[in-house]
1. Please go through the range 17-51 and give me each residue that is surrounded by fewer than 14 Cβ atoms within 10 Å (Cβ to Cβ) and not in a loop (DSSP other than H, G, I, E, B), ordered by number.
2. Please go through the range 2-16 and give me each residue that is in a helix (DSSP H, G or I) and over 17 Å from residue 68 (Cβ atoms), ordered by number.
3. Six or more apart or on different chains, Cβ under 6 Å: which pairs go from a residue in the range 30-42 that's without any contact (Cβ under 8 Å) to a residue 60 or more places away in the chain to one that's assigned to a loop (DSSP other than H, G, I, E, B)? Could you list them?
4. Return only the number of the condition from (1) part of a loop (DSSP other than H, G, I, E, B); (2) surrounded by 12 or more Cβ atoms within 10 Å (Cβ to Cβ); (3) touching a helix residue (DSSP H, G or I) at 6+ places or on another chain (Cβ under 9 Å) that residue 72 does not satisfy.
5. Of all residues in the range 52-65, how many are in a helix (DSSP H, G or I), over 22 Å from residue 77 (Cβ atoms) and free of Cβ contacts under 8 Å to residues at least 12 places away in the same chain?
């Protein structure tokens, strides 16, 4: 769960941190986008992020499968295979 004003940039940052044990992404292999929401106002996005972070894993998985029932990697919607 996270917040950004540029999903493409953030996905590339995650990709660049692969294997870097100093980062959460590197330690836990968080490279694939499975779900996202778009908000016009940052305060609404922050409130939603806090709400989701309080949920258990089962509830988070249920949310993901509402948008992405096949649990597909959605990175390709924002960055190409050559990461450009």
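Quick note: the coordinates plus some simple rules give every number you see, no bench work behind them. Not measured: the values here are computed from a predicted model. As a convention, Cβ positions derive from the backbone with ideal geometry for all residues, glycine included, and neighbour counts pool all protein chains shown.
1. Within the range 17-51, 24, 27, 28, 42, 43, 44, 46, 47, 50, 51 qualify.
2. Initial filter on the range 2-16 (in a helix (DSSP H, G or I)): 7-16.
Those that are in a helix (DSSP H, G or I) and over 17 Å from residue 68 (Cβ atoms): 8, 9, 10, 12, 13, 14, 15, 16.
3. Short answer, once both residue conditions are applied: 32/73; 33/74; 34/68; 35/68.
4. (3)
5. First pass over the range 52-65, keeping only residues in a helix (DSSP H, G or I): 52-53, 57-65.
Within this subset, residues satisfying the condition of being over 22 Å from residue 77 (Cβ atoms) are 53, 57-59.
Within this subset, residues satisfying the condition of being free of Cβ contacts under 8 Å to residues at least 12 places away in the same chain are 57-59.
The total comes to 3.
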